[in-house]
Each structure stands twice: as structure tokens, then as C-alpha cells.
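Worksheet: the structure to be examined is printed underneath.
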Amino acid sequence: MLDVSLRQAFPDDQAVIRDMIRAARLDPTGLHWSHFWIAEHDGEVVGIGQVRPYPNCRELGSLVVRADYRGRGVGAQIVQTLLEQEKGTVYLECELHNEAFYNRFGFRRIPRLQAPMPLRLKLIAALGLRLFGIQVIGMKREKEQSA
């Protein structure tokens, strides 16, 4: 696992967040620096991720790791840090091939119609991607149970 430093984003990070999301062709909506955590290595941003707040749910998303840093644990460190901040249920949408990665953090696949709005709308809209061989699924991580 690569040793990276993780920090909450600052206003000056908005441009790099936007650029990394665009380059990865991810959902460009709801990109506010205040929701993001940044992974840095040797002073360079190598990964980003956020928990996007909606009125009735929270969505883990916008997880991007630079191609030259993938497979070295950076994404897992970002996800773990984001989830440590969350006490309630968290949802996400991802491509089917990423399901096992998110299972490691307690996420389980859910039917589209069980996802809260607006995640449900995003999952329904993603059905069209099947024409291109891309299957998008919804996942849910239940809130932590108190002891």
C-alpha cells in the first residue's frame, strides 16, 4: 500500500477536482470542494473522493485515482477515510466490475427501485449504458449499529 497523505479539500482544490472528474468521465454534478477528501503523494494530488449530500440520502462518489497510482491502495484509503466520517446509511452507484471492491467496505447491491431519489433516477438513466456493455448497479452500506 502506497503511503499517501489524506486531507479535506480546500477551496483552491475545486479546479483539480473538476478536472479529475471530467477526465474520468464521472458525474460532474454536485462537485463542491467541501465534500471532498484529497490523497496526496510527494505534494501531488493522486486521488479524490466525496460523499455527496442529498436531502434524503448520502452518496459515496466521485472516486478518482490517477492512472499511475491505481492498484496501490489509494482508492481504498480514500473510501475508508470518507466512511469514517459517516454515521448513517451511505449509497453509491458503480459499474458492476467494481462491486467486489465496495463489498470490502460493507456495501451490498440493492435493486434500483430500493434506492432513494435522486440515486434511483441516476440508476434508471444508467440503464441505457447497457447498450454499450456497461452495467451500473446501486449499492448500500447500512448505518453503524450502536453497541
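Every number here is computed from the coordinates shown, using simple stated rules; none is lab data. These figures come from a predicted structure and were not determined experimentally.
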What aspartates and glutamates sit close enough to residue 122 to cross-link, taking a C-alpha to C-alpha distance under 12 Å and skipping anything fewer than 8 places away on the same chain? 27, 59, 93
0 to 90° range, to nearest 10: angle between helix 74-84 axis and the chain longest Cα axis: 70
Would you mind calculating the relative contact order of the chain from Cα pairs under 8 angstrom and at least 6 residues apart, reporting the percent as a whole number? 20
Measure nothing but the geometry: give the 0 to 90° angle between the long axis through the Cα atoms of 14-24 and the longest principal axis through the Cα atoms of the chain, rounded to 10°. 60
Of the candidate values (i) 17.7; (ii) 18.5; (iii) 15.8, the one computed for Kirkwood radius over Cα pairs in Å from this structure is (iii)
Over the chain: helical MRE at 222 nm, DSSP H runs n ≥ 4 each giving -39500 (n - 2.57), nearest 500: -6500 deg cm²/dmol
